[in-house]
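Values in this text are rule-based calculations from the coordinates and carry no lab data. Not measured: the values here are computed from a predicted model. Here the Cβ positions follow ideal geometry from the backbone for every residue, glycine too, while neighbour counts run over all protein chains shown.
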Amino acid sequence: MDILYFALAGFLAQMVDGALGMAYGVTCNSLLLSFGYPPAAASASVHLAEVATSGVSGHFHWRLGNVDRSVFKALVVPGMLGGVLGAWALSSLPGEMVRPWIAVYLALMGIRILYKAMRTMPIARPRLPRLRLLGFVGGFLDAMGGGGWGPIVTTTLVGRGHDPRVAIGSVNRAEFFVTLAASFTFAWSLGISHWRVVLGLCLGGVIAAPLGAHLARWVKAEILMMLIGVLIIVLSLRTVAMSLGVI
């Protein structure tokens, strides 16, 4: 039954991620941390599942014409380097010490999502050198925090005025390679464990991936962003309270 629960979590998280270009990792990782999973194991499980989900989602965004090749190329290699470094750093740190800090980081990601949901910007084109730095920072924090590639990279692109549909598609396409690099690093450092979590998240996410890509064409993004932002904040604050012995 636990596989079915994780499949449902993966399905819902990927529906939002496919539509908004964010929130699969931060949602799933917030859930796992609130259940008491060690930060490194939680991030590794989410990234292993995300290899499949981001691959399917990125493919459908590409087929639907949502990918800007220049943006994708600027993000992908720096993002992979950041993902490897972030995964290696998280694997080297003691889990109980890192857990509350990761939860605080995820809560800030939830606040960032809420903030971006309330802003609108004119469409413009971001500069590629800044995109490379953005890709590296996004990849590092994504692996280190178990999520954040979308909330950091997609919201920055949209916040600078990039076309939301193209930003979502390009970020999803690059995410597959970033996640793959981080997953190899986690597997090399920690091995592969918690296979029920990985299988459940993967099954639910793969089913939802093509639906989420189509959802990006007509969904009211602001409403979904507000809902997922509140969910991430609540789960993360619960993890902080558990770490401090409050609950």
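Brief remarks follow.
- Radius 14 Å from Cβ of Ala143, net charge of other residues (Lys, Arg +1; Asp, Glu -1): -3
- Put simply, the convex hull of the Cα atoms in segment 1-88 casts, on average, a shadow of 6.2 nm².
- Charged neighbours of Gly229, selected by a Cβ distance under 9 Å, balance to +2 (K, R count +1; D, E count -1).
- Between Phe35 and Ile207, full extension at 0.36 nm per residue minus the direct alpha carbon distance yields a gain of 59.5 nm.
- Sites Ala241 and Arg63, calculated FRET efficiency, Cβ-Cβ separation with R0 41 Å, nearest 0.05: 0.40
- Projecting label points 7 angstrom from Cα along Cα→Cβ for Ile111 and Lys73 puts them 3.9 nm apart.
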